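A quick write-up on the structure given underneath.
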Amino acid sequence: MINLLDHLAAALGPGGVIIAPEDIAPFGTDWRGLVSNMPRAVLRPRDTAGVAAALRLCAAAGVPVVPQGGNTSMVAGAVPSRDGAELVLSLSRMNAVRAIDAAGLTMEVEAGVTLRAAQDAARDAGALLPLSIGSEGSAQIGGVISTNAGGNNTLRFGNARDLVLGLEVVLADGTIWNGLRRLRKDNTGYALRQLFAGAEGTLGIVTAAVLRLARAPRQRQTCFCAIPSVEAALDLFARFRDEDEAALYAFEYISGAAMAVNQSYMPDFRLPLETASPHYVLLELATTRRRDPLRETMEAVLADALEAGVITDAAIAESEAQRAAFWAIREHLSESQRRAGASVKNDVSVPVAAVPSLLARAAAMLGARHPGARMVAFGHIGDGNIHLNALQPEDGDAAAFAARGEDLMEDVNAIVMELGGSFSAEHGIGQIKTHAFGQLRSAAEREIMRRIRAALDPAATLNPGKLF
Ligand code: 2HG
Ligand code: ZN
């Protein structure tokens, strides 16, 4: 390893290899603090050629490499799976926005650009990068693509993979694939870019991407609603979709229990409605049309819903500051939950119509099998994706609760599978859900993936211990 690190330092130049224990520590622990495995060193290439040189050297030495962007994985996908034996390859120094084509609605960015910086660059060019997640200030494009991130606008624009037109990837042996095409149509064999999107860094390291942009909205209307039931949330969803599906950019669910956690742990928390409710929806309409009566649409649908008892209260944002305040409540849920103690995250999806059944059955199951566990549900209900998180009992023991995590996940997943759902809707598998992956995906599906992985990374040096 000593020899290897010398060669890597020579290849990557000043600041390219970090070995001081205090400097590498943050790269070994995931955002949730679930896994702490220190890398032997952290590699910080400046460009694609540097990534290729590093991978070539590591492959020759048989040393595993863990690609890392903003280290915001919910499933410890970007930290080592063993202590002291792996190298983290950080893409942070590759942070150039290479080009924006505002007329063609594309942008080319390097892997280490944060999602927010990419959004800002698109906005400055008069366009919209239509992907929004709570961690966007830290999450980087390479990780966003490698995990096929979802988020608040998936409903309207799809997941990260739907925005990927082209990719640049370095394979385990150092081969560089330049697939940075920006074409809307390109039928030339296997869609390689889609193979690497969502592969969690196991097939190659994404170093740059061409992303599809959208036109910037000219109007937005954002509304916080109090809802009497989960069924009513779906009723409201159907009403807005019937009225103007293209304008529905986001439709998010927050349970009363999730809001209560926010109330306890979010600084300056203020509920935007008069009274607390058992359920809430945060929704956003937007349009690129100048003369669209968007506000009227919002008010008319809400008035009908109020009369029908589908909502009990609603507040429409009257300013950009108020809109930001509404979204801050939604985006603070993960952080509030982290502060509230140990939790087991179930990032699950079911067909949209099955969401009420999912929530009811999960609540009953938790009551019966995990007494005291608090169900903190929220998420992208318009996509059938609920973060069905379980929080440790109040005043309970965090370690004891975390130790029961796998059982609890299995119990939730059993319900999810019966409803035809997925045990990982958008956060991926990482090293937290490998067990579920082994149990719940068919032998054929796992074998196909194993063969693809073995073909591209025969020495198994790319992000080992992740996925399967
Ligand atoms: C969100 O939707 C993220 O806010 C995080 O996917 C969900 O903390 C979570 O479980
Ligand atoms: Zn989410």
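The values are calculated or read from the model by the stated rules, or taken from the named source; none is laboratory data. Owing to the predicted nature of the structure, the values given are computational and were not obtained by experimental measurement. With ideal geometry, Cβ positions are generated from the backbone for all residues, glycine too; neighbour counts draw on all protein chains shown.
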For segment 255-262, check the following and say yes or no: at least one residue is closer than 16 Å to Arg295 by Cα, of a type in the set (Ser, Thr, Tyr) and in contact with a Phe, Trp or Tyr (Cβ under 9 Å, 6 or more places away or on another chain).
no
Restricting attention to segment 62-105, the residues that are touching a residue at least 24 places away in the same chain (Cβ under 8 Å), of a type in the set (A, V, I, L, M, F, W, C) and either over 28 Å from Phe437 (Cβ atoms) or surrounded by fewer than 19 Cβ atoms within 10 Å (Cβ to Cβ) (or both) number exactly 6
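Tally the residues that are within 13 Å of ligand 2 (Cβ to nearest atom) and either assigned to a strand (DSSP E or B) or more than 15 Å from Val281 (Cβ to Cβ) (or both), restricting the search to segment 377-399.
Going through segment 377-399, the residues within 13 Å of ligand 2 (Cβ to nearest atom) turn out to be 377-389.
Filter again for either assigned to a strand (DSSP E or B) or more than 15 Å from Val281 (Cβ to Cβ) (or both), leaving 377-380, 385-389.
Number satisfying all stated conditions: 9.
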Go through segment 112-136 and give me each residue that's closer than 22 Å to Asp47 by Cα and either touching a Lys or Arg at 6+ places or on another chain (Cβ under 7 Å) or assigned to a loop (DSSP other than H, G, I, E, B) (or both).
Gly112, Val113
Across (1) more than 18 Å from Thr72 (Cα to Cα); (2) surrounded by fewer than 23 Cβ atoms within 10 Å (Cβ to Cβ), Ala117 clears everything bar (1)
Would you call Phe326 under 28 Å from the mean Cα position of the chain (by Cα), over 30 Å from Asp397 (Cα atoms) and of a type in the set (Phe, Trp, Tyr)?
yes
For segment 329-338, indicate whether the set of residues that are on the phi < 0 side of the Ramachandran plot, in a helix (DSSP H, G or I), crowded, with 17+ Cβ neighbours inside 10 Å and more than 21 Å from the chain's Cα centre (by Cα) is non-empty.
no
Out of all the residues in segment 147-192, which are charged (D, E, K, R) and under 21 Å from Leu89 (Cα atoms)?
Glu168, Asp173
For the condition among the acidic types (Asp, Glu) and within 12 Å of ligand 1 (Cβ to nearest atom), what is the one hit in Glu331, Glu274, Glu284, Glu299?
Glu331
Within segment 234-248, the residues that are assigned to a strand (DSSP E or B) and crowded, with 23+ Cβ neighbours inside 10 Å are none
Looking at segment 414-455 only, could you name the residues that are surrounded by 15 or more Cβ atoms within 10 Å (Cβ to Cβ) and either touching a strand residue (DSSP E or B) at 6+ places or on another chain (Cβ under 8 Å) or at positive phi (or both)?
Val416, Gly421, Ser422, Phe423, Ser424, Ala425, Glu426, His427, Gly428, Gly430
Can you tell me which of Arg215, Arg220, Arg270 is touching a Ser or Thr at 6+ places or on another chain (Cβ under 9 Å) and closer than 17 Å to Ala314 by Cβ?
Arg220
When every residue in segment 326-353 that is in contact with a Ser or Thr (Cβ under 9 Å, 6 or more places away or on another chain) and among the hydrophobic types (A, V, I, L, M, F, W, C) is compared, the one farthest from Leu388 (Cα to Cα) is Phe326
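Of the residues Asp6, Asp30, only one is among the charged types (D, E, K, R), under 21 Å from the mean Cα position of the chain (by Cα) and either in the same structural domain as Leu129 (by TED's automatic domain parsing) or modelled with pLDDT of 95 or more (or both); which?
So the residue among Asp6, Asp30 that is among the charged types (D, E, K, R), under 21 Å from the mean Cα position of the chain (by Cα) and either in the same structural domain as Leu129 (by TED's automatic domain parsing) or modelled with pLDDT of 95 or more (or both) is Asp30.
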Please enumerate the residues belonging to segment 393-450 that are modelled with pLDDT of 95 or more and of a type in the set (D, E, K, R).
Asp407, Glu410, Asp411, Glu418, Glu426, Lys433, Arg441, Glu445, Arg446, Glu447, Arg450
